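Report on the structure given below.
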Amino acid sequence: MSGPLVVAAGVSGSGKSSVGLALAERLGVPYEDGDDLHPDANVAKMRRGEPLDDEDRRPWLDAIGRWLAERDDGGVIACSALRRTYRDQLRTHAPDVDILLLHGDEELIRERQASRSDHFMPVSLLHSQFATLEPLDPDERGLTIDVEQGIDSIVQEYVDRRSG
C-alpha cells in the first residue's frame, strides 16, 4: 500500500520543514524540503529581502510538482503554497496531493522566524507572505492546522483527521 502525498504548506516560520519531516517519519514516506529546490536566483532575491513574484515561483513549483509526481509510494514536501493558483499548479503534477496548511498568528510566527539564524528568508518578508496567503477553499483536498501546538500534536491531529 502506498502512502499519501502531502505538502506541508504555510508562511515562512510556520514549521513546514519540522512538521513535514516529522509527518514523513510517522507515515514512513520520503521527505523533501521544497526550499532546496529553489533556483539560485530565487534564493539570492529572497536574501536581498525581495519577495518572489509568480514568474520566480513557476519553475520552483514545477520542480516540487515533479518531485511529488515521482513518489509512487507517497511523500511529504515542505512548500509555502500560499495561493490557490500555486496549489493548483502542484496538482497539475500530482492531482491527489493533500495540503497540510500550517496556520498561526503573525506575531507568534514572527517570533519563531526571528529565532532562526540559518534561513535565507528574512523576517522583513513575513508580512508579504501573510498578505499573499489564501486559505484552503472548500473544494481543495487538505487540512488547516493551528501551529500554536507542538510538532507531535500537529502530526497527530493530521493523522487523526485523515484516518477518521
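Kindly work out what percent of the DSSP beta bridges joining two residues of segment 5-163 are antiparallel, to the nearest 5.
0
Please list 3J(HN,Hα) in residue order for segment 67-75, calculated via the Karplus relation 6.51 cos²θ - 1.76 cosθ + 1.60 where θ = phi - 60°; whole Hz, with x for glycine and proline.
4, 4, 4, 7, 9, 5, 9, x, x
Let me check I've understood the local charge: for Ala69, count other residues with C-beta under 13 angstrom from its C-beta, Lys and Arg +1, Asp and Glu -1. What total comes out?
Summing Lys and Arg as +1 and Asp and Glu as -1 gives -3.
Highest mean first, how do 147-159, 16-28, 129-141, 88-100 rank when packing is the count of other Cβ atoms within 10 Å averaged over residues? Could the numbers behind the result be given before it?
Details: 147-159: 16.2, 16-28: 19.4, 129-141: 13.2, 88-100: 17.8.
The most tightly packed comes first, giving 16-28, 88-100, 147-159, 129-141.
So what is log10(I(q)/I(0)) for the chain at q = 0.09, 0.16 1/Å, when the Debye sum runs over its Cα atoms only?
So the normalised log intensities work out to -0.26, -0.88.
List every residue whose amide H lies under 5 Å from the amide H of Ile99, counting only residues 5 or more places away in sequence or on a different chain, with H placed 1.01 Å from N in the peptide plane.
Residues meeting the criterion, in which the H sits 1.01 Å from N, are Val7, Gly142, Leu143.
Enumerate the calculated ³J(HN,Hα) couplings along segment 153-159 in order (Karplus 6.51 cos²θ - 1.76 cosθ + 1.60, θ = phi - 60°), each rounded to whole Hz, writing x wherever the residue is Gly or Pro.
5, 5, 4, 5, 4, 4, 4
First select every other residue whose beta carbon is under 12 angstrom from the beta carbon of Arg141; then total the charges, Lys and Arg +1, Asp and Glu -1.
Values: positive: Arg87, Arg91, Arg162; negative: Asp88, Asp96, Asp98, Asp137, Asp139, Glu140.
Summing Lys/Arg as +1 and Asp/Glu as -1 gives -3.
In whole Hz, with x marking every Gly and Pro, tabulate ³J(HN,Hα) for segment 82-99 from phi via Karplus 6.51 cos²θ - 1.76 cosθ + 1.60, θ = phi - 60°.
6, 10, 4, 4, 5, 5, 5, 4, 4, 5, 5, 8, 9, x, 9, 5, 9, 9
Looking only at segment 94-114, which residues have a backbone nitrogen under 20 Å from a spot 7 Å from the Cα of Glu70 in the C-beta direction?
Zone members listed by number: 94-98.
I want to check the label-to-label distance for Asp36 and Arg58. Put each point 7 Å from Cα in the C-beta direction and report it in nm to one decimal.
Taking the simple label geometry, Asp36 and Arg58 are separated by 2.7 nm.
Net charge near Val155: determine it from the other residues with C-beta under 10 Å of the C-beta of Val155, scoring Lys and Arg +1 and Asp and Glu -1.
With Lys, Arg at +1 and Asp, Glu at -1, the neighbours total -3.
Charges at C-beta only: +1 for Lys and Arg, -1 for Asp and Glu. How large is the resulting dipole of segment 5-163 about its Cα centre, in Debye rounded to 20? Walk me through the intermediate numbers first.
Numbers: 19 positive and 32 negative charges, 37 e Å.
Taking the Cα centre of segment 5-163 as origin, the dipole is about 180 debye.
Coordinate-derived values only; no laboratory data. Quick caveat, the model's predicted, so the values are computed rather than measured. In this analysis, Cβ positions are derived from the backbone assuming ideal geometry, glycine residues included, and neighbour counts consider all displayed protein chains.
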